[in-house]
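Worksheet: the structure to be examined is printed underneath.
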């Protein structure tokens, strides 16, 4: 549901827009640096890939990943088994 998420559209002084989506609940993901929890998704528009903001489970570091580098971790509720 949209009400469960925080979606902000940020516009600079020009015509550039950015959408920021806070994931609630956070999503468990696989990254090139290991397992993590996705907290935010940043969409800069159709000319850029979506950026995922992830807290790494190993040490809590916050990293930004291109959408091509993210996989959703196993989730038996939704039938994601790989």
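The values are calculated or read from the model by the stated rules, or taken from the named source; none is laboratory data. Keep in mind that this is a model prediction, so the values were computed, not measured. Cβ placement follows ideal geometry from the backbone for every residue including glycine, while neighbour counts extend to all protein chains displayed.
Numbers for the structure displayed
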read-out	value
Tally, over the range 1-44, of residues that are modelled with pLDDT of 80 or more and either outside any strand (DSSP E or B) or closer than 25 Å to residue 74 by Cα (or both)	25
Count of residues meeting criterion [surrounded by 12 or more Cβ atoms within 10 Å (Cβ to Cβ), over 17 Å from residue 23 (Cα atoms) and out of contact with any helix residue (DSSP H, G or I) (no Cβ under 8 Å at 6 or more places or on another chain)] in the range 45-60	1
Members of the range 65-82 that are in a strand (DSSP E or B) and closer than 18 Å to residue 24 by Cα	71, 72, 75
